[in-house]
Amino acid sequence: MKAQLIALLLFAPLFANASNIHYTGRAYDIKSGKLHYIEKYHEVYNSNNQLISATVNYYSSKQELIATKKLDYSNNLYAPQFYYYNIITGYKESLNWLDEKSIELKSADESGTQQSKRLDINSQKQAVHYVADAGFDTFLRQNLNKLISGDDLSFRFINPARLTWYSFYARSISKKPNSIVIEVGPKNPIVRFLAPPIILTYSLNDSSLLGKRLQQYSGLTNMSFDNENYVVANIKYQYFDPNKSVVNMF
């Protein structure tokens, strides 16, 4: 309860006139279908419907808080400043913007051993964007029309655990009237062997802030219960419109 109270105080929205979107992701084992954990999201948007900040609390199937994440999109929508903490394993990682083109990456294991590195990036002047953490969702949603048209996307995914970035691709592999299925993965075949592509399904319905939203994520996640093995799951999302009832994407 104390950890939850602290999270609420730290992550409270700073903009009184902003819109708030809440949604939940339930991560099921990709083979057995067993519920591994639950993600609870709180996104804050300004009056122009631009994403400002977000928080994510992760819970076990027994509703125990197991991890937290805080994101700040004020510097970059695709590479937000963020801090992630896995309460179970003690693992921490973060991305901090130092100036308009420099970031600092940090990660620390359960023993407290920390590593950090400064990277100089300037995605505003690059043909290929730098993307980090949940910023990849914003990047894909803002480029869905290109994917629908059959174009492939390229971006550089920043990995604080490795203190570097990797070249990634995104491409459409299936389209339906109201949804699109996208494959996202590393371009390097060796890295792709270690981190296989993920499969994402997006709604193509337009409905204010709830339009064109992620319906399902399938693949390797950032959740570990032992600091060695990371959960491979199907995550199904359910959205809550503050002005309406629950919007079930399935």
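Odds and ends about this structure:
- Residues being closer than 27 Å to ASN48 by Cα and among the acidic types (Asp, Glu) - total across the range 74-129: 2
- So TRP165, is it open to solvent by 50 Å² or more (accessible area, probe 1.4 Å) and of a type in the set (Phe, Trp, Tyr): yes
- Some residue of the range 92-99 being out of contact with any strand residue (DSSP E or B) (no Cβ under 9 Å at 6 or more places or on another chain) and acidic (Asp, Glu): yes
- Residue list for the range 172-195, restricted to those being open to solvent by 50 Å² or more (accessible area, probe 1.4 Å) and touching a Leu at 6+ places or on another chain (Cβ under 7 Å): ASN178
- All positions within the range 139-163 that are over 27 Å from LYS92 (Cα atoms) and not basic (Lys, Arg): GLN142, ASN143, LEU144, ASN145, LEU147, ILE148, SER149, GLY150, ASP151, ASP152, LEU153, SER154
- The range 1-31 - residue that is modelled with pLDDT of 95 or more and of a type in the set (Ser, Thr, Tyr) and, of those, most open to solvent (accessible area, probe 1.4 Å): TYR28
- Listed by position, the strands (runs of 3 or more DSSP E) contained in the range 157-241 that have at least 3 residues being under 25 Å from ASP109 (Cβ atoms) are 164-176, 214-224, 230-240.
- Meets criteria (within 13 Å of the chain's Cα centre (by Cα) and surrounded by fewer than 17 Cβ atoms within 10 Å (Cβ to Cβ)) for LYS34: no
- Subset tally (residues that are in a strand (DSSP E or B), open to solvent by 30 Å² or more (accessible area, probe 1.4 Å) and within 15 Å of ARG156 (Cα to Cα)) for the range 73-131: 2
The values are calculated or read from the model by the stated rules, or taken from the named source; none is laboratory data. Every value quoted in this text rests on a predicted model; they were computed, and no experiment measured them. Cβ sites come from the backbone with ideal geometry, for glycine too, and all protein chains shown count toward neighbours. Just so you know, the surface numbers come from the protein's heavy atoms only, side chains and all, with ligands and any DNA or RNA stripped out. Shrake-Rupley method; radii C 1.70, N 1.55, O 1.52, S 1.80 Å.
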